[in-house]
Amino acid sequence: MTLKRLLIGSAAAALLAVPVTATSVQAQDEDNAQYFPGLQYRSGPYAPSGIPFANGYADYLEMLNQRDGGINGVSIYYEECDTAYNNDRGVECYERLKDAGPSEPAAWSPLSTGITYALIPRATQDRVPLLSMGYGRADASDGRVFPWIFTAPATYWAGADALIQYIQEEEGGDLQGKKIALVYHDSAYGREPIATLERLAEEEGYELSLYPVAPPGLEQKATWLQIARQLRPDWTLMWGWGVMNSTAVQEAAAIGYPMDRFIGIWWSGTEPDVRPAGNAGTGYKALNFHATGTDFPAINDILTLLYDEDEGYGEREGVGEVNYNRGVLNAALTTEAVRTAQAEFGERPLTGEEVRWGFENLHITDERWEEMGLAGFAREIQLSCEDHEGGGSAYVQQWNGEAWEPASDWIQPRNDELRPAYESSAAQYAEEQGIELRDCSEEM
Amino acid sequence: MPMRILPWLIIPPAAIIGLGLLLQGISAIDSQLYFTWGYFLEVLIAGTLQGVMYSLVALGFVLIFKASSIFNFAQGSMVLFAALTMVGLMGWGLHWTLAFLATAGVMVLLAMAIERAVLRPLVNQPHIILFMATIGIFYFLDGFGQTLWGSDVKQLDIGIPRTPIFIFEETFEGGILVNQFDVIAALVGGALVAILAIFFQKTRIGRALRAVADDHQAALSVGIPLKTIWAIVWSVAGIVALVTGVMWGSKMGVQFTLALIALKALPVLILGGLTSIPGAIVGGLIIGAGEQIAEVFLSTYIGSAIQDWFAYVLAMLFLLIRPQGLFGEKIIERV
């Protein structure tokens, strides 16, 4: 602990009283820069999850600036605002950032279902895309009702379907009479998969039991007593976030629940979720929709260009962890949407409307992932005017005590059943809000 | 004295048996409610052990309130700061015992700094001013600790076993599950209370602390140095925060959310009284057991995730009977 750190600590502690803090990636040429606003959280109870995501997002953009001069020579201007995973502050940050860049914002990614809900009307009114990557409203996958909201590469409903498919395979194909428990964050986020799991329970014949946990989720002893000593389910699923995840893993271990029958959604499958439990967390599983680790040329470029020069946003050890790579994926999807739009509108800073066109024509094939230096990082993604999710594949990963390793192949959610559910729910929303459906055939 | 203890020997077992019989009766009428005596005792024991953890948090509040009538809003961030410092020192290669002692030293220095920089300039100010100063300390420590040691979730492993054990397997089908960590945490909590009781009752400083707690002016008039006493009591509260941080940090990892466990102490303080160490202990046990039983057995009827607010409801029910809390001092003001 040096004196410098002590002084910085004192100053930073004083600054914590200020609700919003900001960092930025400076563009090399601000007059010809595409603006990327960042709604991140580096403070508050969810900071351990938010910081690595924010680092991955910012590092990828900075790497593109340094390696390629931005996107096709259009440099990237990134400004960040700390929402603390708080809806009010999320809206405040949105309003503060939306006119703070040299161009219109390319897209928003608030990393919070609650903030996403709050921003849907604003992003729609301001005509800027919002990418809620693996969170937010599942029915926003219907681009006819939610023209500015994107859910790629997967929604919670798709995640629930993939999890049930995985369990079905583990059980030899038959879920009749099986007991499945869902432990969930008692919020809009945690309640998202319930309808899908209930529908699948009717179809597959398993018994679903629900266990809400009051946020932030510090207290779960009673929940786990009920699960492990009363219900004794065959499988337990978790929709948790932040401290709820690590507490659940530890309470489950404390009560002797078998870890290899406990599976979390992708927001319940990061290193901070399992490390506090030590060896007790070994065997715990979670869904994921991208790869982990640093064995990708693009991530090596981040290490070489930024961390070797001591210019990385976080600690070198954090590069390649789940939340870090998720930040990289979020940045990569957005920059690819911009790149796609540039091919149509020209290599210049784009408007939100033009970037939306880029999202709706985004097609990242396996070959394109390889060209991006991210071969095998995620599955092929193709979006359209109607389909704002585009794929939805995920796989199960398992904690081996030191790192996550794949425990299944890619699982393709049953979109023939999910799509009508998205459309039905979106149609209901459209009716409530008086929204007229887009005619996508006219926008081809 | 035996007559004072007698109700405590009779009432709790009677209440537990009565509650068990009531739940058994309801389960006989309504099959939705799952009840066996083994399960009931398992929930009760788990809740009681959890309650000791709440008591640990509440103790820090009680110590400072007793000596200075300040409700220390910063107690939760002291817990976080202590745990972060200890994990940070262990990260430098120190054995946990040395890291614990070094952190205790840091907490004493912190207490002296708080007394010098915050409390001394505010002597004779209304209590609400001192309370607001502790809110400032909360935010400062919260940010300062995380800036020094980082915001990552950190594992704190001091070798406490976490494996579940089963007791009374012959009496109850499947036995009663108890986690070793919870038992050890309860023993640590009990030991801490015993040490504090000896400190307050048997030492000169302890007697001076009690004198200050009873009447600041009278204590000053007989030569007890108020500033020194405040520094000592904040130091003791800091060490209690360290023990609390170690136990909670070992349980759920050291992270920002540790600061929020102070919220779990509030119903304990309402119930036990702000000025009583035994009150913090008994209050913690009642809140811990009560909320777990409510979550497990009442959730069938009023929904799950109720334990947080149920703790406050339980505390308020007690307040209807004893407004000063179970062990709090009854304040009589003549007007």
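The values are calculated or read from the model by the stated rules, or taken from the named source; none is laboratory data. Note that the coordinates shown come from a computational prediction; the quantities given were computed from them, not determined experimentally. In this analysis, Cβ positions are derived from the backbone assuming ideal geometry, glycine residues included, and neighbour counts consider all displayed protein chains. Side chains are part of the model used for accessible areas, which takes the heavy atoms of the whole protein and leaves out ligands, DNA and RNA. Shrake-Rupley method; radii C 1.70, N 1.55, O 1.52, S 1.80 Å.
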Filtering the stretch A:91-118 down to residues that are surrounded by 24 or more Cβ atoms within 10 Å (Cβ to Cβ), more than 16 Å from the chain's Cα centre (by Cα) and not in a loop (DSSP other than H, G, I, E, B) yields A:C93, A:Y94, A:P105
Log entry, pairs with first residue in the stretch B:151-173 being not assigned by TED's automatic domain parsing to the domain that holds B:A186, second being among the basic types (K, R) and part of a loop (DSSP other than H, G, I, E, B), beta carbons closer than 9 Å, six or more apart or on different chains, reads B:S151/A:R42
B:V57: passes all of (1) modelled with pLDDT of 90 or more; (2) in contact with a Lys or Arg (Cβ under 7 Å, 6 or more places away or on another chain) but (1)
Of those in the stretch B:96-116 that are of a type in the set (G, A, S) and under 16 Å from B:T228 (Cβ atoms), the residue farthest from the chain's Cα centre (by Cα) is B:A113
Does the stretch A:181-192 include one or more residues that are surrounded by fewer than 17 Cβ atoms within 10 Å (Cβ to Cβ), of a type outside the set (F, W, Y) and modelled with pLDDT of 95 or more? no
Residues of the stretch A:95-116 being touching a residue at least 40 places away in the same chain (Cβ under 8 Å) and either over 19 Å from A:Y46 (Cβ atoms) or in contact with a Lys or Arg (Cβ under 7 Å, 6 or more places away or on another chain) (or both), in sequence order, are A:R96, A:L97, A:K98, A:A100, A:G101, A:P102, A:S103, A:E104, A:P105, A:A106, A:A107
The condition of being aliphatic (A, V, I, L, M), under 23 Å from B:L98 (Cα atoms), away from chain A (no Cβ under 14 Å) and assigned to a helix (DSSP H, G or I) holds, among B:I229, B:I239, B:I205, B:I198, only for B:I239
The condition of being of a type in the set (K, R) and either open to solvent by 70 Å² or more (accessible area, probe 1.4 Å) or not assigned by TED's automatic domain parsing to the domain that holds A:G73 (or both) holds, among A:R356, A:R339, A:R368, A:R419, only for A:R419
Those residues of the stretch A:185-244 that are free of Cβ contacts under 8 Å to residues at least 40 places away in the same chain, more than 14 Å from every other protein chain (Cβ to nearest Cβ) and charged (D, E, K, R) come to a total of 4
Hey, does the stretch A:338-359 have a residue that's outside any loop (DSSP other than H, G, I, E, B), within 30 Å of A:W399 (Cα to Cα) and among the aliphatic types (A, V, I, L, M)? no
Residue hits (the stretch B:114-152; under 30 Å from A:P48 (Cα atoms) and open to solvent by 60 Å² or more (accessible area, probe 1.4 Å)) are B:M132, B:Y139, B:F140, B:D152
Those residues of the stretch B:167-194 which are open to solvent by 60 Å² or more (accessible area, probe 1.4 Å) and modelled with pLDDT under 90 amount to B:F168, B:E169, B:E170, B:T171, B:E173
Answer yes or no as to whether B:F40 is outside the structural domain of B:W230 (by TED's automatic domain parsing) and assigned to a helix (DSSP H, G or I). yes
#### Entry: Filter pass, A:S408 being open to solvent by 20 Å² or more (accessible area, probe 1.4 Å) and out of contact with any strand residue (DSSP E or B) (no Cβ under 8 Å at 6 or more places or on another chain)
no
Checked the stretch B:122-152 for anything more than 23 Å from the chain's Cα centre (by Cα), of a type outside the set (V, I, T) and more than 10 Å from every other protein chain (Cβ to nearest Cβ); matches are B:L122, B:N124, B:Q125, B:P126
If we keep only residues of the stretch B:277-315 that are in contact with a Ser or Thr (Cβ under 9 Å, 6 or more places away or on another chain) and not in a helix (DSSP H, G or I), then the residue surrounded by the most Cβ atoms within 10 Å (Cβ to Cβ) is B:A305
Of the conditions (1) over 21 Å from the mean Cα position of the chain (by Cα); (2) more than 14 Å from chain B (Cβ to nearest Cβ), the single one that A:P153 does not satisfy is (1)
